[in-house]
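Only one structure is covered here, and it is reproduced in the block below.
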Amino acid sequence: MKPNFEQLYLQMARMRYFEEALAGLWHRGLAPGEMHLGVGEEAVVAGVLAHLQHGDALSLDHRSTPPLVARGVDMSSMILECIGDEAGLCGGQGGHMHLFSPEHLAGSSGIVGSSAPLAAGFGLAAQLMSPGKVAFAFFGDGAANQGMLLESFNLAATWKLPVVFVCKDNHWAITTRSRSVTGGCLRKRAASFGMPAAAVDGTRVEAVWRAAARAVARARAGRGPSFLLARCCRPEGHFLGDPLLRMFREPVKQVVEITPPIVRAMMSRPLGALVSRCGYLGRIGMVISRVGGQVYITDPDPLARAARLVGDEASRRLEDQARGEVERALEDALERREQHA
Amino acid sequence: MPRMSFAAAVEAALEKAMAEDERVITFGEDVTMLRRNLFVRFGPGRVRQTPISEAAFLYAGVGAAMAGMRPVVEIMMIDFIAVAFDGLLNAASKLKAFSGGKWNAPMVIRAGCGGWYGDGGQHEQSLWGILAGMPGVSVVVPSNPADAAGLMLSAINSDDPVVFLEHKFLADYWLDYLGGASRDGVSFDVPAAGAEGEVPQPLREVPMGAASVARRGGDITIVSLGVGLHRALEACETLAARGIQAEVIDLRTVAPMDRQTVTESARKTGKVLVVDEDYVGFGLSGEVAAVLAESGVSAGFARVCTEDVIPFARHLEERALPNVRRIIDAAEGLARMA
Ligand SMILES: Cc1ncc(C[n+]2csc(CCOP(=O)(O)OP(=O)(O)O)c2C)c(N)n1
């Protein structure tokens with residue numbers, strides 16, 4: 001089997017435009033609450049879900065919209081849900097962190113780590129009631145330190161559940177550098193539960209596609225779970241309006257707010273510790289510059305990479321198609337909203 | 001008295017406790033950023049970043065407390081304590097009893113709580129009813145900066161576990177941190193008198209288990225706390241214009257509850273309305289009713305609480321939470337009752 005690059009690119013473009021549409025709605029004040037985008041994760045999601053068949057299950061975290069777009073859940077209903085409309089996918093009750101679609105066997109949760117046990121349960125149902133079907137769990141590198149997630153690895157491994165665990169490793173959990181709070185290496189950690197564990201460049205859709213093909217085949221054959229560690233990025237920070245990115249985007253305002261209490265803390269008595277305090281302050285500065293640096297300098301764009309696989313002409317055509325679909329969904333959503341407003 | 005924000009008052013109390021007592025430490029997710037001022041002053045040994053492993057680090061707080069420390073453990077939002085319940089329910093709260101009174105766990109669990117900003121039902125709960133239902137746990141829910149500082153000091157100095165809940169509409173950095181404050185077109189009904197206010201200097205402890213009377217009145221008693229208290233006070237203006245004078249009690253502490261202040265007021269007015277952002281069933285409002293019944297006070301009773309899973313959509317959320325309209329209606333209904 002070979003990947004269909006055009007199809008992969010189309011899916012990635014759909015996700016990207018959809019997330020941009022959500023960002024627009026959020027910035028206009030139409031979408032309440034927090035808003036976590038999946039921008040930067042498109043290659044991971046597209047590469048994995050290209051193997052999804054009807055009857056497979058999806059278990060998602062707080063960045064659930066890209067997989068649901070890839071799964072074919074109605075975009076207009078999702079938009080309505082995210083702007084808190086009663087005509088939305090979940091009647092305006094769930095919102096962007098709690099999206100559910102029973103006909104797609106797709107559920108999400110804002111509780112970090114919970115996508116893994118849910119997927120184990122989906123996998124159990126598949127094992128008993130529809131052998132050959134697979135459950136996909138998406139979660140972040142931060143979630144990999146959550147107890148219930150590691151317990152699920154063990155459960156799935158010992159019960160040989162048909163689960164594909166996908167860790168979207170963007171190196172950060174809000175403002176915490178994951179490496180600083182994670183012992184050992186995540187790939188080896190997963191492997192030690194007795195399941196195949198592969199690390200891939202999650203900005204290269206073809207690499208993800210290939211690694212996922214093996215994991216999915218294994219699950220469909222009833223040979224148990226696999227783990228995929230896909231390195232990716234989060235160019236929009238943790239959530240829209242991320243305070244760390246705002247320090248870059250509007251430094252003067254942020255510095256004016258943040259500095260006085262920090263200076264006071266630095267100068268509090270006894271003063272003996274001033275040198276160490278400068279060091280601690282430096283650490284904070286380091287985190288801010290790392291987040292900003294990753295966003296502005298080092299992040300490769302998975303879409304740009306995938307575009308090269310399909311060529312200029314095709315990528316433009318597919319982008320137009322995807323953009324058109326998202327624009328129509330957005331228009332449709334806003335129109336439906338007007339109608340009963 | 002200087003004016004301080006609620007958030008600054010809590011931080012000042014924690015900073016004071018940390019400066020005076022080496023055993024006071026704090027840890028939780030993202031504290032390097034969220035508590036950056038404390039981090040700069042006290043360093044990574046005492047202001048510790050944790051992995052997203054609440055079950056482990058909350059229970060580790062119990063162990064550290066048993067071994068002589070006074071940890072302030074942060075569970076970012078109280079909803080997330082679900083994954084870490086064992087450390088509180090089966091360890092911290094039972095230690096004193098299990099050890100025959102010989103051992104205790106002096107720890108504070110600190111978390112944001114509450115809704116009104118459209119974040120959905122997994123991030124906006126109050127949960128103090130569930131928490132206060134455990135024997136051996138104190139739960140405090142301050143409604144203004146002075147109480148927040150004073151109760152934080154008491155919580156840290158307490159020899160037993162205390163859950164300290166700061167409403168996201170009072171500790172203002174939450175809305176900013178969650179990105180919500182960085183855009184136009186979104187406004188939040190933040191109670192100004194709770195988010196900022198005068199704080200006595202030097203900071204003084206506010207005892208746990210002592211309610212305060214936020215407003216005097218003789219027609220009806222409203223019992224509330226946190227943001228609910230401010231909604232109730234707002235409702236009182238309309239009620240007063242309609243000839244109903246409400247007495248408003250700020251519980252400040254859910255457990256232990258100040259039964260005396262509640263029953264005294266209830267005896268006077270004969271009518272009690274509980275305004276509680278937590279769930280209606282099996283919680284604070286029912287507890288108040290039980291306290292009244294047990295004290296032999298026969299009073300008319302009503303409650304305005306959260307009755308269902310909190311909806312995401314803001315207009316649905318507004319209806320589901322104890323809003324001013326609901327409070328006025330319930331209070332009027334109660335006051336007009338013979
Ligand atoms: C149990 C629990 N703890 C904490 C949080 C707050 N929180 C939301 S997202 C997040 C970081 C998650 O990091 P990661 O899993 O790496 O995903 P990312 O956001 O980086 O995609 C945290 C700490 C939560 N939602 N649930």
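The values are calculated or read from the model by the stated rules, or taken from the named source; none is laboratory data. No experiment lies behind these values; they were computed from the predicted model shown. Virtual Cβ from ideal backbone geometry, glycine too; neighbours counted across all protein chains shown. Each accessible area value is taken on the protein alone, full model and side chains, heavy atoms only, with ligands, DNA and RNA left out. Shrake-Rupley method; radii C 1.70, N 1.55, O 1.52, S 1.80 Å.
When the Cα atoms of segment A:243-298 are enclosed in a convex hull and the volume is divided per residue, what value in Å³ results?
Details: hull volume 3.8 nm³, N = 56.
With only Cα atoms used, segment A:243-298 gives 68 Å³ per residue.
Note on segment B:1-151: the alpha carbon radius of gyration divided by the globular reference 2.2 N^0.38 Å gives 1.04.
Against chain B, whose longest principal axis comes from its Cα atoms, helix B:226-241 is set at around 20 degrees. Each listed q (0.22, 0.27 Å⁻¹) maps to a log10 I(q)/I(0) for segment A:57-118, found by the Debye formula over equal Cα scatterers with no solvent: -0.79, -1.14.
Comparing mean-square fluctuations of A:ALA157, A:ALA43, A:ALA230 from a GNM of chain A with C-alpha springs under 10 Å, the top value falls on A:ALA157. Rg/Rh, computed from the Cα trace of the protein assembly as shown with Rh as the Kirkwood radius, has the value 0.99.
In terms of the mean number of neighbouring beta-carbon atoms within 10 Å, the peptides A:159-171, B:21-33, A:87-99 order highest first as A:159-171, A:87-99, B:21-33.
Looking at the protein assembly as shown, the DSSP beta bridges with both ends there are about 15 percent antiparallel. Annotation: amide H-H contacts under 5 Å for B:GLY112 (H modelled 1.01 Å from N, sequence separation of 5 or more, or interchain): B:MET77, B:ILE78, B:GLU166.
Output the Kirkwood hydrodynamic radius of segment B:127-172, Cα pairs only, in Å rounded to one decimal. Intermediate values should be presented prior to the final figure.
Numbers: mean 1/r = 0.0902 Å⁻¹.
11.1 Å is the Kirkwood radius here.
Taking label positions 7 Å along the Cα-Cβ direction at both B:ALA289 and B:ALA19, the computed distance is 4.8 nm, reported to one decimal. Shielding value for B:26-36 is 4, the average number of Cβ atoms from other chains within 10 Å of each residue's Cβ. Classified by the C-alpha gyration tensor, segment B:212-335 has an oblate form. Its axis ratio a/c, with a ≥ b ≥ c, is 1.5 or above, and a/b does not exceed b/c.
In percent, rounded to a whole number, the relative contact order of segment A:1-94 is 28, using alpha-carbon pairs under 8 Å and six or more apart. A viscosity of 0.890 mPa s and a temperature of 25 °C, combined with the Kirkwood radius over C-alpha pairs in the Stokes-Einstein formula, give segment B:128-218 a diffusion coefficient of 164 µm²/s.
Have a look at B:ASP86, B:ASP176, B:ASP258 and tell me which one the Gaussian network model of chain B (Cα, springs below 10 Å) gives the largest fluctuation. Most flexible of the set in this elastic network: B:ASP176. Here the Kirkwood formula, the inverse mean of 1/r across different C-alpha pairs, assigns segment A:110-237 a hydrodynamic radius of 14.5 Å. Compared with the dominant Cα axis of chain A, that is its longest principal axis, helix A:5-27 is turned about 50°. One quarter of the convex hull surface built on the alpha carbon atoms of chain A amounts to 19.2 nm², the projected area averaged over directions.
The label point for B:PHE85 and the one for A:GLU331, both projected 7 Å from the Cα toward the Cβ, are 4.9 nm apart.
Averaged per residue, what accessible surface does chain A expose to a 1.4 Å probe, in Å²? Each step should come with its number before you reach the end.
Working: 13640 Å² over 341 residues.
Heavy-atom accessible area per residue stands at 40 Å².
In degrees from 0 to 90, rounded to the nearest 10, what is the angle of the helix A:205-220 Cα long axis to the longest principal axis of chain A? In chain A, helix A:205-220 runs at an angle near 50 degrees to the longest axis.
Given the DSSP H assignment, sum -39500 (n - 2.57) over each helix run of at least 4 residues in the protein assembly as shown and divide by its residue total; what's the result at 222 nm in deg cm²/dmol, nearest 500?
On the way: 27 runs with 305 residues, N = 679.
Mean residue ellipticity at 222 nm (helix-derived): -13500 deg cm²/dmol.
Extent along the principal axes, Cα only, for segment A:229-337: 65, 38, 27 Å, with the longest axis given first.
Residue by residue, segment B:44-54 carries 3J(HN,Hα) couplings of x, x, 10, 10, 10, 7, 10, x, 7, 9, 4 Hz when phi is fed to the Karplus relation 6.51 cos²θ - 1.76 cosθ + 1.60 (θ = phi - 60°); x denotes Gly or Pro. Of the peptides A:3-11, A:269-277, the ranking by mean beta-carbon count within 10 Å, highest at the top, reads A:3-11, A:269-277.
The largest-to-smallest principal axis extents of the Cα set in chain B are 60, 55, 40 Å.
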